[in-house]
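Below you'll find the structure, written out as structure tokens, and then a few comments.
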Amino acid sequence: MLIVSACRQDTPASQEQQPPLMMGKTTPTNNPSGEPLTLPKTGTGNFENLVADFERKDRGIWQKPDMVISLLGNLEGKTVADIGAGTGYFTFRMVPTAKKVIGIDIDQRFIQFMDSVKVRMPEVYRKRFETRLAKPDNPLLAPGEADAVVIVNTYGYIEHRVQYFKTVWKGMSPGAKMLIIDFKKNNLPIGPPDEFKVALSQVEQELVGAGFKIDKVDRESLDYQYIIIASKPTLSQ
Ligand SMILES: C[S@@+](CC[C@H](N)C(=O)[O-])C[C@H]1O[C@@H](n2cnc3c(N)ncnc32)[C@H](O)[C@@H]1O
């Protein structure tokens with residue numbers, strides 16, 4: 001709570017009325033092109049509203065974070081990068097098992113938020129967790145650094161995605177897995193309006209274009225979201 005109210009001072013008054021962008025409804029637009037629109041940057045939203053939205057209590061019920069993370073297999077000994085980590089809703093859940101977890105975001109406010117959680121973590125976990133302020137076109141992973149990548153409710157914010165995911169690819173070790181979760185279309189009660197959503201088929205196409213292999217596509221386990229597991233092929237594949 002202290003963290004949230006401390007951050008409130010940074011929010012310009014003109015941005016106070018913005019609705020939550022992720023699970024809350026953004027305003028539908030008139031979009032005749034049919035192409036998905038890039039989501040408005042969370043950096044323009046009121047921070048306290050965003051935190052409340054990302055940490056909303058019903059989220060565990062419809063997003064099943066522990067089940068979703070288990071799809072990455074055993075994380076012991078692995079370095080995991082959560083790209084677009086936000087408040088660390090998924091990020092922090094992986095710290096007890098992974099060798100290292102990197103919470104990556106382009107919004108300094110979320111980096112500060114995660115760092116403020118980190119200082120309260122037991123030392124053994126603190127040593128395994130770091131934040132990284134990235135660039136919109138580059139998550140700033142070192143070559144081969146990540147053995148697993150997680151991208152939740154963030155895909156639609158990323159621009160020029162084939163190029164972006166070629167960069168992510170370089171930051172992954174051979175055989176590394178990437179988990180992407182985002183909202184299904186169909187005017188569901190949770191998530192942004194349909195014109196901001198990226199269709200599952202488009203995600204698959206873009207990932208293949210960036211060099212990934214699609215291992216698994218799951219439209220059923222979550223009511224409002226699809227899950228994709230893709231991997232960077234090993235050298236022999
Ligand atoms: C809707 S939030 C999701 C946060 C978190 N993954 C979750 O599920 O709670 C999207 C996050 O992606 C971040 N973001 C947007 N564009 C990004 C980019 N190009 N690279 C990394 N993070 C980005 C935003 O700052 C925001 O924290």
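Throughout, read-outs are computed from the coordinates displayed, never taken from laboratory work. Values in this document were obtained by computation on a predicted structure and should not be read as measured data. Every residue, glycine as well, gets a Cβ built from its backbone with ideal geometry; the counts of neighbours run over all protein chains shown.
Peptides 102-114, 64-76, 206-218 ranked from most to least packed, by the mean per-residue count of other Cβ atoms within 10 Å: 102-114, 206-218, 64-76. Assuming a ≥ b ≥ c are the square roots of the Cα gyration tensor eigenvalues, decide whether the stretch 103-208 counts as rounded (a/c under 1.5), prolate (otherwise, with a/b larger than b/c) or oblate. Here the stretch 103-208 falls in the oblate category. For the stretch 98-237, the Cβ-based charge dipole about the Cα centre amounts to some 520 debye (Lys, Arg positive; Asp, Glu negative; other atoms uncharged). Considering the stretch 155-237, its Cα convex hull presents a mean projected area of 5.5 nm². Pairs of lysine residues in the stretch 46-184 that meet both criteria, 8 or more places apart or on different chains and Cα atoms under 12 Å apart, total 6. Taking amide H as placed 1.01 Å from N in the peptide plane, M172 has its amide H under 5 Å from the amide H of G144, E145, A146, each at least 5 places away in sequence or on another chain. Since only T167, G209, V198 are under comparison, the one whose Cα sits farthest along the positive direction of the charge dipole of the stretch 126-222, derived from C-beta charges on Lys, Arg, Asp and Glu, is T167.
For a test of the definition: using alpha carbon positions, the gyration tensor, and the 1.5 limit on a/c, classify the stretch 103-149 as rounded, prolate or oblate. Taking the square roots of the gyration eigenvalues as a ≥ b ≥ c, the stretch 103-149 is oblate.
For the stretch 49-152, the Cβ-based charge dipole about the Cα centre amounts to some 280 debye (Lys, Arg positive; Asp, Glu negative; other atoms uncharged).
Sorted on the mean count of surrounding Cβ atoms within 10 Å across their residues, most packed first, peptides 123-132, 146-155 read 146-155, 123-132. Dipole check for the stretch 154-205: with +1 at the C-beta of Lys and Arg, -1 at the C-beta of Asp and Glu, and the Cα centre as origin, the magnitude is about 220 Debye. Subtracting the Cα-Cα distance of D115 and L235 from their residue separation scaled by 0.36 nm leaves 39.6 nm.
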